[in-house]
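Report on one structure; see the data block that follows.
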Amino acid sequence: MIEGININYCKGDTYQFDLTISGYDQTIDSIFFTIKNNENDKRHILRKTLEEGITLMDDTNGVKTYKIEINANDTDNLKTNYEYYFAIKIFTEKGTNDLEKTIVKGLISLSARGD
């Protein structure tokens, strides 16, 4: 797992980043990118999935690259100058021992335009 990632961008902007997964030989059924008030919250404030906001861009020689996009209006209800917790989890094929795995976690904050 990768920890300690900090993301900061302007509220109201579209934000995109790539996620590359290699050395993971199980079938990935889904990926969730979630934002919560804190790590222990059960409820997410924002969630992106393979069906909405996460796109498989490349799958070559066991290396998968996904694009994760946070749309401009996704941040409408989020505060500026506040640190939220985010995590990226993968879910693998049923019947394996590794159904859910957190692969990245960190903090995300939004600044007001012009800050």
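Hey, can you tell me all the residues within the stretch 3-19 that are under 21 Å from Thr55 (Cβ atoms) and over 12 Å from the mean Cα position of the chain (by Cα)? Quick ask: steps written out before the conclusion?
Applying the first criterion (under 21 Å from Thr55 (Cβ atoms)) to the stretch 3-19 yields 5, 7, 9, 13-19.
If the condition is that a residue be under 21 Å from Thr55 (Cβ atoms) and over 12 Å from the mean Cα position of the chain (by Cα), then Tyr9, Asp13, Thr14 are the ones that fit.
Out of all the residues in the stretch 9-40, which are out of contact with any Lys or Arg (no Cβ under 9 Å at 6 or more places or on another chain) and within 14 Å of Lys105 (Cα to Cα)?
Answer for the stretch 9-40, where residues must be out of contact with any Lys or Arg (no Cβ under 9 Å at 6 or more places or on another chain) and within 14 Å of Lys105 (Cα to Cα): Asn38, Asn40.
Against the condition surrounded by 15 or more Cβ atoms within 10 Å (Cβ to Cβ) and aliphatic (A, V, I, L, M), how does Leu19 come out, does it pass? Write out each step before concluding.
Details: surrounded by 15 or more Cβ atoms within 10 Å (Cβ to Cβ): yes; aliphatic (A, V, I, L, M): yes.
Judged against the criteria, Leu19 is a match.
Suppose the filter is closer than 23 Å to Glu93 by Cβ and out of contact with any strand residue (DSSP E or B) (no Cβ under 7 Å at 6 or more places or on another chain); does Asp13 pass it?
On the way: closer than 23 Å to Glu93 by Cβ: no; out of contact with any strand residue (DSSP E or B) (no Cβ under 7 Å at 6 or more places or on another chain): yes.
Considered against the rule, which asks whether it is closer than 23 Å to Glu93 by Cβ and out of contact with any strand residue (DSSP E or B) (no Cβ under 7 Å at 6 or more places or on another chain), Asp13 comes out as no.
List the pairs whose first member sits in the stretch 1-25 and is under 19 Å from Glu69 (Cβ atoms), whose second member is at pLDDT 90 or above and among the acidic types (Asp, Glu), and whose Cβ atoms are under 7 Å apart, counting only residues at least 6 apart or on separate chains?
Thr14/Glu69; Gln16/Glu69
The values are calculated or read from the model by the stated rules, or taken from the named source; none is laboratory data. As the structure is a prediction and not an experimental result, all values here were calculated from the model. Here Cβ is always computed from backbone atoms with ideal geometry, including for glycine, and neighbour counts include all displayed protein chains.
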